[in-house]
Amino acid sequence: MALTNETIKVRLEKQFEGQLSRMDEPYGMLTFEAPKELNLKIMQFLYDDEELRFQFLTDLTAVHYPSQPGRELAVVYHLHNLVDNVRIRFKVFADIKQPDIFTATRLYAAANWMERETFDFFGVNFVGHPNLKRILNVDEMDYFPLRKEYPLEDQTRTDKDDEMFGRG
Amino acid sequence: MDTKHSQHIKLPEGSIEKTTTTLNLGPTHPATHGVFQNILELDGERIVSAEQTIGYIHRAFEKIAERRPLYQITPLTDRLNYCSSPINNMGWHLTCEKLLGVKTPKRVDYLRVIIMELARISDHLICNSVVGVDSGAFSGFLYVMQYRELIYEIYEEICGSRLTTNMGRIGGFERNFSAAAFEKLERFQKEYPAVLKEFENLFNRNRIFMDRTIGTGGISAERALNYGFTGPNLRAAGVDYDVRVHSPYSSYEDFSFNIPVGKTGDNYDRFLVRNQEMWESLSIIEQAYRKVQEFKGTEADVYHADAPEYFLPAKQDVYTKMEALIWHFKIVMGETEIPPGEVYQSVEGGNGELGFYFISDGGRSPYRLHFRRPCFIYYQAYSELTKGSMLSDAVLTMSSLNLIAGEMDA
């Protein structure tokens, strides 16, 4: 029998009674939110469970919501069950002042660089990561560029005199 | 440190010298085929450890995309895996179409399939022939290059550019395929099989090539999955995961094709899987082209969906019709509100699952756009793949992984 979102939902809710919230299925992909302390427990459960078998980490990234005090940074996991071909997504939220999230590197080797990238751009501190340092940006950078407080350059600015780039 | 291989170096007691050599492979080195660095710790010619440095051509696409209207993001996707940019373009358009609920006509799907498979061939062609070059066989590379050129000419007929194609629009293509494009496609279908056959004859059972590639850079299926491998590299390790089959997009479910898999995940298997995939791509192109020819009457001229909010109207309509003028203005000025939503869409790119994670908050550009770049994810396995191997094998491993700096660094 094919694994359905309904089954996953029931299994998850049974395992993590009342701790998961905002279950939804945007465009068919089961999505939910969890407390950040539970991220590893959820992934381990999804990995080990004989029926669920979510054993492939497709994607790991973060989103910055400056308008949600206390839960500004969302870390988003996309997992894939390759046997039944089902994908799910879950999010954990962290306070931007102390964005500590447990690392998934013990479970997925793939998480290593994905978490480094997420740290690099959002400053999420992955607790227990073996080598948490910048990966795409220069090591000397002292801010996290994908956070919303860093806007892109104003396109209408006139104080620049660089004819080379067609603004002169 | 691996003492087995370091026994032959004997340093005097208390020496501050080390028994290993540090070698910087890259950032600009002919063997890296792109801008990234490997700091190798060598014991003689054997690799003790490898540490990768990437990000030399990071261009902040995810940040830039947060201020652009959807159609202006397409050129950013070109520059990810630039060996097969049309796949990236169409992956992006498919993501937008999924979010916006645009339904594309079958003819558009089939035309897209033709282009995506051509792109896959050109991607694998480069990768495999470069594996040949790195193992000392240059002629294969030179020989197949004229067929990549032919593929680029087909792109040129369709969208006007060759490498960074910016091909298509949300909803379809900017114009119908010209007769010249189909002529070139037919020529490609006619001539390419013989070329691929000869390319295989040069390599597949070549003793030197086999000795160089068999058993080097191998990875087990389990490790490959744990490392997030996708695409030919994962299939070479024996896992038959292909996005085209698992989550069909652009009507891939209408075609019948095989997923070639390897066994050991080594350089030789990766090479064979890519070659075999080119045959499958040829068969898909043939099927798709046949389906395209079956359309009759007005259906035979359909090249885009009816999505006026996102698909640029024809220029003569802009000059003569009020409605078209309004749409044109709104699209060009980026004044179309994107409905709020959250979507993940992936396509089978040249080197793996290329995913787009797109969050819209109802504004005119994405609130957040994340690219799942396959080679960024599997390159981290490189140190494990090369540990204990010879330096010359590590160079082959690097080229057979199909690492594209543009995709890695976003």
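Tabulated data for the structure shown
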| quantity | calculated |
| --- | --- |
| Any helices (runs of 4 or more DSSP H) falling wholly within region B:135-213 and containing at least 2 residues that are hydroxyl-bearing (Ser, Thr, Tyr) and surrounded by 15 or more Cβ atoms within 10 Å (Cβ to Cβ) | B:139-159 |
| Residue tally, condition touching a residue at least 40 places away in the same chain (Cβ under 8 Å), crowded, with 22+ Cβ neighbours inside 10 Å, more than 12 Å from the chain's Cα centre (by Cα) and more than 8 Å from chain B (Cβ to nearest Cβ), over region A:87-137 | 1 |
| Criterion (outside any helix (DSSP H, G or I), under 23 Å from the mean Cα position of the chain (by Cα) and within 23 Å of B:Ser84 (Cβ to Cβ)) met by exactly one of B:Tyr382, B:Tyr344, B:Tyr378 | B:Tyr344 |
| Residues (within 16 Å of the chain's Cα centre (by Cα) and within 14 Å of another protein chain (Cβ to nearest Cβ)) located in region A:23-43 | A:Met29, A:Leu30, A:Thr31, A:Phe32, A:Glu33, A:Met43 |
| Boolean, B:Ala314 is within 30 Å of B:Tyr252 (Cα to Cα), small (Gly, Ala, Ser) and open to solvent by 40 Å² or more (accessible area, probe 1.4 Å) | yes |
| Top-ranked residue in region B:214-239 [being open to solvent by less than 20 Å² (accessible area, probe 1.4 Å) and not in a helix (DSSP H, G or I); ranked as nearest to B:Arg270 (Cα to Cα)] | B:Ala237 |
| Filter result (of a type outside the set (A, V, I, L, M, F, W, C) and part of a helix (DSSP H, G or I)) within region A:1-32 | A:Asn5, A:Glu6, A:Thr7, A:Lys9, A:Arg11, A:Glu13, A:Lys14, A:Gln15, A:Pro26, A:Tyr27, A:Gly28 |
| Test: residue in region A:153-168 that is touching a residue at least 12 places away in the same chain (Cβ under 8 Å) and small (Gly, Ala, Ser) | no |
| Single residue of region B:23-65 satisfying the filter (open to solvent by 30 Å² or more (accessible area, probe 1.4 Å) and of a type in the set (Ser, Thr, Tyr)) that is nearest to the chain's Cα centre (by Cα) | B:Tyr56 |
| Subset of region B:187-221 (residues that are more than 23 Å from the chain's Cα centre (by Cα) and free of Cβ contacts under 8 Å to residues at least 12 places away in the same chain) | B:Lys190, B:Ala194, B:Asn201, B:Arg205, B:Arg207, B:Asp211 |
| Count - residues of region B:380-392 that are surrounded by fewer than 23 Cβ atoms within 10 Å (Cβ to Cβ) and either more than 10 Å from every other protein chain (Cβ to nearest Cβ) or touching a strand residue (DSSP E or B) at 6+ places or on another chain (Cβ under 7 Å) (or both) | 8 |
| Test: residue in region B:200-223 that is within 14 Å of chain A (Cβ to nearest Cβ), small (Gly, Ala, Ser) and under 30 Å from A:Leu60 (Cβ atoms) | yes |
| The one condition in (1) surrounded by 16 or more Cβ atoms within 10 Å (Cβ to Cβ); (2) under 25 Å from B:Arg169 (Cβ atoms); (3) within 14 Å of chain A (Cβ to nearest Cβ) that B:Asp242 fails to fulfil | (2) |
| Among (1) hydroxyl-bearing (Ser, Thr, Tyr); (2) surrounded by fewer than 24 Cβ atoms within 10 Å (Cβ to Cβ); (3) within 11 Å of another protein chain (Cβ to nearest Cβ); (4) over 20 Å from B:Ser220 (Cβ atoms) - the single one B:Thr336 does not satisfy | (3) |
| Only one of B:Ala314, B:Ala324 that is modelled with pLDDT under 90 and more than 30 Å from the chain's Cα centre (by Cα) | B:Ala314 |
| Condition met for B:Tyr310 (within 14 Å of another protein chain (Cβ to nearest Cβ), under 27 Å from B:Val243 (Cα atoms), touching a helix residue (DSSP H, G or I) at 6+ places or on another chain (Cβ under 9 Å) and hydroxyl-bearing (Ser, Thr, Tyr)) | no |
| Which numbered condition A:Gln68 fails, given (1) within 27 Å of B:Glu222 (Cα to Cα); (2) over 16 Å from the mean Cα position of the chain (by Cα) | (1) |
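The values are calculated or read from the model by the stated rules, or taken from the named source; none is laboratory data. This is a predicted model, so every value here is computed, not measured. Backbone-built Cβ (ideal geometry, glycine too); neighbour counts: all protein chains shown. Each accessible area value is taken on the protein alone, full model and side chains, heavy atoms only, with ligands, DNA and RNA left out. Shrake-Rupley method; radii C 1.70, N 1.55, O 1.52, S 1.80 Å.
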